[in-house]
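**Student:** Would you mind keeping the following structure in view while I ask a few things?
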2 protein chains.
Amino acid sequence: GVALPAQAETTTVKWRLASSFPKSLDTIYGGAEMLAKRVAELTDGQFEIRVFAGGELVPAFGVLDAVQQNTVECGHTASYYYYGKNKALALESTWPFGLNTRQMTGWVYGAGGMELLREMFAAYNIVHFPGGSTGAQMGGWFRKEIKSLADLDGLKIRIPGFGAEIFSQMGAVPQSLPGGEIYPALERGAIDAAEWTVPYDDEKLGFQKVAKYYYAPGWWEPGTHLVFYVNQAQWAALPPAYQAAFTAAAQEAHLQMLAAYDAKNPPALQRLLQNGAELRRFPDDVLLKAYAIAQQIYAEESAQNPTFKTLYDSMREFQKRSDAWWTVAESSMANFMQAVQRHK
Amino acid sequence: GVALPAQAETTTVKWRLASSFPKSLDTIYGGAEMLAKRVAELTDGQFEIRVFAGGELVPAFGVLDAVQQNTVECGHTASYYYYGKNKALALESTWPFGLNTRQMTGWVYGAGGMELLREMFAAYNIVHFPGGSTGAQMGGWFRKEIKSLADLDGLKIRIPGFGAEIFSQMGAVPQSLPGGEIYPALERGAIDAAEWTVPYDDEKLGFQKVAKYYYAPGWWEPGTHLVFYVNQAQWAALPPAYQAAFTAAAQEAHLQMLAAYDAKNPPALQRLLQNGAELRRFPDDVLLKAYAIAQQIYAEESAQNPTFKTLYDSMREFQKRSDAWWTVAESSMANFMQAVQRHK
């Protein structure tokens, strides 16, 4: 028991959480369920959070608005869905050639990122918490091989956000399609390619049957973070122990989602390859061109969007130093292990 | 408030936590302080954990014994310190050419590792929780360059555990020295090399002044996990909400330690290089020989130690599949980013 008896009887809190995600994305959707379960355990059931899947309470991409307007107390979503409101919001999730998952979490919790992001979200009446991660994503499914930049010309690819901007500047024709419409569109050739997430989730949609070339790396999602949003007034009204419960449970969910993906992706990739998927790496000219376009987009956005500039400069500086360290220990170890195991 | 009023007045719990670490290793030591702080917040101060530095209550390497014997309720340590009791214990921390940090956490929480480890620790009356991580460590400080395997002949190197066994089989002479004695021993040439941890911690000891060659990767510590130990009977006596508080706070501490190191190491490495450290990578013949010896040691230990075999087989299988996936997205992204930034 935690509180003085007088308080204990009065602090029953019931919240609804609007997820952007369908239950079929079980690893991501499960992050919100894990949060709710732990918060209940920590408070002997007195702080109850009910989780609703995307579309059940509010539209899947309406979570930011719903939390901002106090239609729901909290949500679980990805900030890059709100790229149309302010491109700076995408930086909280992931951005092309941005930080990897560990670097994101390191920047947020160890290098002042949390404070900068909280300042941005305050303008939306939101207190945010990192809410899980997928690790580096795949580059999606292609009906034909991409052998050079020229093969992107006129390519109809399902991709949102910054990735779409970059593909467009490389001559492709980005398309916007919800998850459920991708497979039939690929099957009938209405689109030539589609990005989704990582092997575990991609496998469920069966893309290898209609677009077998499976590209990597997913340079537009190098370390995707999901996020919990809480309405500011609701947050302020919570007793301190309940704030602590939500904070700790959110961090646990953040840790657990990555662990779950890191366990589920390797066997899923193995099965995909057994079932006809063919791995390909994007050609160097595509990667280099995409990188160059991305840098220009960030420079242009920084020139006109102070929030974007503040966040981007801080993340980019962190990334440069971090990548120099990564080369020394983490990557040199990883590259050795991958090489020595391939040759066995 | 969480409990029924009647319980709330009676469930005051006071625990002592014995850390193996000195306060000077602030990032690691801080993991236990973070746990204690969050547990207190989650219980409105009713569950109090007092943290004691290495040696204050029990010897630094006496934490397992102390928790097992209920001398203290809980501890914060590294399981490879108890390698002398059973080499299987080292697998919970890290092992030469073993899993990286994310893979360790993925195996523990996503692939049944937790259950296998809990079974091992039950024999010591201990319930364990992953308690932080350093990421891939460095390979230590050398007074002279290592250009090939032959340069290890007779080399006196401060290194414990499996790493010491492997260096010994490569012709070196491993030494056992506490942290505080390493610098003077290197300075007067009593030893030729010493491993410690990562740039942020190494920097504090000033090794670059007496052994400037800074080697990578630290193949004997590819993803070191720290650990919280709780006495089984003490654990069983906790109210469910307090168990939940300890569990959630331990996971938060686990996440936060890695984030802190990932933020602190890059600038520390930069400063070390400015102050005279010279980075070197272990030569391929050293890495390949060490890898081969390690595989033999694991095979021999597996043949005579069923606990070791159960854990090792599970981890190794996980690692092989995981490394195959890592190559595709995470490493190909990392290698591109490191290359493109070096050439800018």
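Quick note: the coordinates plus some simple rules give every number you see, no bench work behind them. Keep in mind that this is a model prediction, so the values were computed, not measured. Neighbour counts run over all protein chains shown; Cβ positions are idealised from the backbone, glycine included.
**Student:** Apply 1/(1 + (r/R0)^6) to the Cβ-Cβ distance of B:GLU48 and B:GLU181, taking R0 = 41 Å, and write down the FRET efficiency to the nearest 0.05. The partial results should precede the final answer.
**Tutor:** Values: r = 35 Å, r/R0 = 0.86.
FRET efficiency, B:GLU48 to B:GLU181: 0.70.
**Student:** A further question on this structure: With the cut-off at 1.5 for a/c, could you classify region B:228-344 from its C-alpha gyration tensor as rounded, prolate or oblate?
**Tutor:** oblate
**Student:** Across region B:120-165, how large is the tail of the calculated P(r) beyond 13 Å, expressed as a percent of all Cα pairs?
**Tutor:** 74 percent
**Student:** Could you point to the residue in B:GLN319, B:VAL51, B:GLN338 farthest towards the positive end of chain B's charge dipole, with +1 and -1 charges on the Cβ of Lys/Arg and Asp/Glu respectively?
**Tutor:** B:GLN338
**Student:** Now a separate question. Is the shape of region A:130-193 best called rounded, prolate or oblate, per the rule: a/c under 1.5 gives rounded, else a/b larger than b/c gives prolate, else oblate, with a ≥ b ≥ c the square roots of the Cα gyration tensor eigenvalues?
**Tutor:** It is oblate, given that a/c is not under 1.5 and a/b is not larger than b/c.
**Student:** Let me ask something additional. At B:ASP313 and A:ALA303, where each label point lies 7 Å from the Cα along Cα→Cβ, what is the point-to-point distance in nanometres?
**Tutor:** 6.3 nm
**Student:** Let me know the charge dipole size of the protein assembly as shown about its Cα centre in debye, to the nearest 20, where only the beta-carbon of Lys, Arg (+1) and Asp, Glu (-1) is charged.
**Tutor:** 980 debye
**Student:** When the chain is fully extended, how far beyond the present Cα-Cα distance does B:VAL340 get from B:ALA233, taking 0.36 nm per residue of separation?
**Tutor:** Working it through step by step, the gained length comes to 33.1 nm.
**Student:** Which angle between 0 and 90 degrees, to the nearest 10, do you get for helix B:284-304 versus the longest principal axis of chain B when only C-alpha atoms count?
**Tutor:** Helix B:284-304 sits at roughly 40 degrees to that axis.
**Student:** Pairs to check: A:LYS264/B:LYS37; A:LYS156/B:LYS320; A:LYS289/B:LYS320; A:LYS87/B:LYS264. Give those whose C-alpha atoms are more than 31 Å from each other in this structure. Intermediate results must be reported in sequence, preceding the final value.
**Tutor:** Values: A:LYS264/B:LYS37 33 Å; A:LYS156/B:LYS320 36 Å; A:LYS289/B:LYS320 33 Å; A:LYS87/B:LYS264 28 Å.
Distance filter (> 31 Å) returns A:LYS264/B:LYS37; A:LYS156/B:LYS320; A:LYS289/B:LYS320.
**Student:** Could you give me the radius of gyration and the Dmax of region A:160-233, taking only the C-alpha atoms into account and expressing both in angstrom?
**Tutor:** Computed over the Cα atoms of region A:160-233, radius of gyration and Dmax are 14.4, 49 Å.
**Student:** Report, by chain and number, residues whose modeled amide H sits under 5 Å from the one on A:ILE126, excluding near sequence neighbours (fewer than 5 apart, same chain).
**Tutor:** Those lying under 5 Å, H to H, from A:ILE126 are A:GLN232.
**Student:** Normalising by the residue count of region B:106-210, find the relative contact order in percent from Cα pairs under 8 Å and 6+ residues apart.
**Tutor:** On the way: 110 pairs, mean separation 29.1, N = 105.
The normalised contact order for region B:106-210 reaches 28 percent.
**Student:** Still on this structure, I have one more. Please compute the Cα-Cα pair-distance distribution of region A:140-263 with 10 Å bins starting at 0, giving whole percents from short to long.
**Tutor:** Cα pair-distance distribution for region A:140-263, in percent: 11, 35, 24, 17, 10, 3.
**Student:** Moving on to the next point. Let me have the 222 nm mean residue ellipticity of chain B computed from DSSP H runs of 4+ only, each contributing -39500 (n - 2.57), with the sum over all residues rounded to the nearest 500.
**Tutor:** Values: 14 runs with 175 residues, N = 344.
That calculation yields -16000 deg cm²/dmol at 222 nm.
**Student:** Right, another one. What's the exposure ranking of B:LEU258, A:LEU91, B:LEU287, going from fewest to most Cβ atoms within 10 Å?
**Tutor:** Least to most surrounded, the residues fall as B:LEU287, B:LEU258, A:LEU91.
**Student:** In debye, nearest 20, what is the charge dipole magnitude of chain A about its Cα centre with +1 on Lys and Arg Cβ and -1 on Asp and Glu Cβ, if you could check?
**Tutor:** 660 debye
**Student:** List B:THR101, B:THR224, A:THR94 from most exposed to least, where exposure is judged by having the fewest other Cβ atoms within 10 Å.
**Tutor:** Going from least to most buried by this count: B:THR101, B:THR224, A:THR94.
**Student:** Hey, another quick one. Which whole-number percentage describes the relative contact order of region B:1-145, with Cα contacts under 8 Å and a sequence gap of 6 or more?
**Tutor:** Numbers: 159 pairs, mean separation 31.0, N = 145.
Relative contact order here is 21 percent.
**Student:** Can you tell me, using C-alpha contacts under 8 Å and at least 6 residues apart, the relative contact order of chain B as a whole percent?
**Tutor:** 23 percent
**Student:** Work from the charge dipole of region B:1-155 (Cβ charges, +1 for Lys and Arg, -1 for Asp and Glu, about the Cα centre) and give the residue of B:GLY140, B:ALA88, B:THR77 farthest towards its positive end.
**Tutor:** It is B:GLY140, whose Cα lies furthest towards the positive end.
**Student:** How would you classify the protein assembly as shown from its alpha-carbon gyration tensor, with a ≥ b ≥ c the square roots of the eigenvalues: rounded for a/c under 1.5, else prolate if a/b is greater than b/c, otherwise oblate?
**Tutor:** The shape class here is oblate.
**Student:** Expressed in nm², what is the orientationally averaged projection area of the convex hull enclosing the Cα positions of chain B?
**Tutor:** 18.4 nm²
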